[in-house]
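Just below is one structure, and these are the notes that go with it.
The values are calculated or read from the model by the stated rules, or taken from the named source; none is laboratory data. Being a predicted model, the structure only gives us computed values, none of them experimental. With ideal geometry, Cβ positions are generated from the backbone for all residues, glycine too; neighbour counts draw on all protein chains shown. Note: accessible area is taken over every heavy atom of the protein model, side chains too, but ligands, DNA and RNA are not part of it. Shrake-Rupley method; radii C 1.70, N 1.55, O 1.52, S 1.80 Å.
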Amino acid sequence: MASALTEKLSRLVKEIRGQARITEANVTDMLREVRMALLEADVALPVVRDFIARVKGKALGQEVLGSLSPGQALVGIVNRELAATMGQGQPGAELNLAAQPPAVVLMAGLQGTGKTTTTAKLAKLLTERRKKKVLTVSADVYRPAAIEQLKTVTKQAGAEWFPSTGEQKPVDIARAALDHARRHYFDVLLVDTAGRLAVDEALMQEIRELHAALNPVETLFVVDAMQGQDAMNVAKAFGEALPLTGIVLTKTDGDSRGGAALSARHVTGVPIKFAGTSEKIDGLEVFDAERHAGRVLG
Ligand code: GDP
């Protein structure tokens, strides 16, 4: 079935028909439709601009201008370029655990994006599929409920949970958990952190300190697929505060087109490693850039 974008472009091309061949101006018109589609998917404007500029060069090649169905040819180029931008064919989807055990994975992101849920999903995946001994800990001292939530979901994951309380300092929790993980021969320590509703300097300072204390082998930025234009600024702030190693795109089962993925990937430059596909503990998949590209375009 043709995508909505392909149909739009095909209509546009019909209007053009009658000319001997399509021109640069026609390609510009078609790219305007692509731009609209990306904006509708909530890809941030600067990211869209940059993307369109890159596609334009390729689109002006023979592949589109000389094609009998230029609309489809252009969608093909856009699709390939989108998938490539989102990391298709690039290695690094698996979690890197190549560190002196325990390998530490630090979870970062705003509140409500799915950090705690994803921590448990990763705990399950590492326990079951990679046969690792996994410890989780929450450094969210502002929300005791979040600590309890991690305890519950870690149990469901079949992993172990390290207790913490709201009276402790996050960095002290991190050090205690790391020490425990070392002494009890855990392979992996997953550290869930506090989020905020918006980026603030105190949050960034805290997570920088956690990073320094833990020296994680993976620092994952968790972003909600439903998040709109603002995803770019949030990703930028986390990317500037921390040496991120990957992105997890959550809530891909929602009805958003997930432009946040493209924005986050664009500004951080790190691979999107996983996609959250449900609220359930096994709802985590290796990110499929090609499939997601099709969805972003609608
Ligand atoms: P945190 O504040 O970042 O730790 O976010 P939580 O892990 O508490 O998740 C917030 C809400 O999003 C919860 O209701 C989760 O069940 C839900 N959630 C997380 N990941 C996914 C996902 O991939 N799909 C769906 N549908 N819901 C998710």
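Residues are listed down the side, and each one gets a yes or a no for (1) among the aromatic types (F, W, Y); (2) within 12 Å of the ligand (Cβ to nearest atom):
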position: Q149; (1), (2): no, yes
position: V153; (1), (2): no, yes
position: S164; (1), (2): no, no
position: Y185; (1), (2): yes, no
position: A198; (1), (2): no, no
position: M204; (1), (2): no, no
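Please verify whether A237 is in contact (Cβ under 8 Å) with a residue 12 or more places away in the chain, open to solvent by less than 20 Å² (accessible area, probe 1.4 Å) and either within 16 Å of the ligand (Cβ to nearest atom) or of a type in the set (D, E, K, R) (or both), treating the condition exactly as stated.
On the way: in contact (Cβ under 8 Å) with a residue 12 or more places away in the chain: yes; open to solvent by less than 20 Å² (accessible area, probe 1.4 Å): no; either within 16 Å of the ligand (Cβ to nearest atom) or of a type in the set (D, E, K, R) (or both): yes.
Answer is no for this residue.
Restrict the check to region 176-185 and report whether at least one residue is within 24 Å of Q149 (Cα to Cα) and open to solvent by less than 10 Å² (accessible area, probe 1.4 Å).
The answer is yes; a qualifying residue exists.
Looking for something open to solvent by 40 Å² or more (accessible area, probe 1.4 Å), within 13 Å of the ligand (Cβ to nearest atom), in contact (Cβ under 8 Å) with a residue 12 or more places away in the chain and at positive phi - is there at least one such residue anywhere in region 109-122?
Of the residues in region 109-122, the ones open to solvent by 40 Å² or more (accessible area, probe 1.4 Å) are 111-112, 117.
Checking which are within 13 Å of the ligand (Cβ to nearest atom) leaves us with 111-112, 117.
If we keep only those that are in contact (Cβ under 8 Å) with a residue 12 or more places away in the chain too, we end up with 111-112, 117.
Those left that are additionally at positive phi: 112.
For region 109-122, residues open to solvent by 40 Å² or more (accessible area, probe 1.4 Å), within 13 Å of the ligand (Cβ to nearest atom), in contact (Cβ under 8 Å) with a residue 12 or more places away in the chain and at positive phi: present.
Just to be sure before I move on: is L297 in contact (Cβ under 8 Å) with a residue 12 or more places away in the chain, open to solvent by less than 50 Å² (accessible area, probe 1.4 Å) and more than 26 Å from E128 (Cβ to Cβ) in the structure I sent?
Numbers: in contact (Cβ under 8 Å) with a residue 12 or more places away in the chain: yes; open to solvent by less than 50 Å² (accessible area, probe 1.4 Å): yes; more than 26 Å from E128 (Cβ to Cβ): yes.
Criteria met by L297.
Scan K273, K251 and give me the residue that is under 13 Å from T113 (Cβ atoms), among the charged types (D, E, K, R) and buried (at least 20 other Cβ atoms within 10 Å of the Cβ).
Working: K273 fails: under 13 Å from T113 (Cβ atoms).
K251 is the lone residue from the list that is under 13 Å from T113 (Cβ atoms), among the charged types (D, E, K, R) and buried (at least 20 other Cβ atoms within 10 Å of the Cβ).
In region 130-147, what residues are closer than 26 Å to R208 by Cβ and more than 24 Å from the chain's Cα centre (by Cα)? Give the steps one after another, and end with the answer.
Within region 130-147, the subset closer than 26 Å to R208 by Cβ is 134-147.
Residues satisfying the conditions are V141, Y142, R143, P144, A145.
Given the conditions (1) loosely packed, with under 15 Cβ neighbours inside 10 Å; (2) touching a Leu at 6+ places or on another chain (Cβ under 8 Å); (3) modelled with pLDDT of 95 or more, and given that R130 satisfies all but one, which numbered condition is not satisfied?
With (1) loosely packed, with under 15 Cβ neighbours inside 10 Å; (2) touching a Leu at 6+ places or on another chain (Cβ under 8 Å); (3) modelled with pLDDT of 95 or more applied to R130, the lone miss is (3).
Tell me the residue from E160, E167 that is open to solvent by 80 Å² or more (accessible area, probe 1.4 Å) and in contact with a Leu (Cβ under 8 Å, 6 or more places away or on another chain), please. Don't jump to the end; show me each part of the working.
On the way: E167 fails: in contact with a Leu (Cβ under 8 Å, 6 or more places away or on another chain).
On inspection, the qualifying residue turns out to be E160.
Evaluate region 211-218: report whether one residue or more is open to solvent by less than 10 Å² (accessible area, probe 1.4 Å) and modelled with pLDDT under 95.
The answer is no; no qualifying residue exists.
So which of L97, L82, L45 ends up being open to solvent by less than 20 Å² (accessible area, probe 1.4 Å), more than 16 Å from the ligand (Cβ to nearest atom), under 28 Å from A237 (Cα atoms) and touching a residue at least 12 places away in the same chain (Cβ under 8 Å)? Full working, then the answer.
Values: L97 fails: open to solvent by less than 20 Å² (accessible area, probe 1.4 Å); L45 fails: open to solvent by less than 20 Å² (accessible area, probe 1.4 Å).
Among L97, L82, L45, only L82 is open to solvent by less than 20 Å² (accessible area, probe 1.4 Å), more than 16 Å from the ligand (Cβ to nearest atom), under 28 Å from A237 (Cα atoms) and touching a residue at least 12 places away in the same chain (Cβ under 8 Å).
Can you pull out the residues in region 13-32 that are open to solvent by less than 50 Å² (accessible area, probe 1.4 Å), at pLDDT 70 or above and touching a helix residue (DSSP H, G or I) at 6+ places or on another chain (Cβ under 7 Å)?
N26, V27, M30, L31
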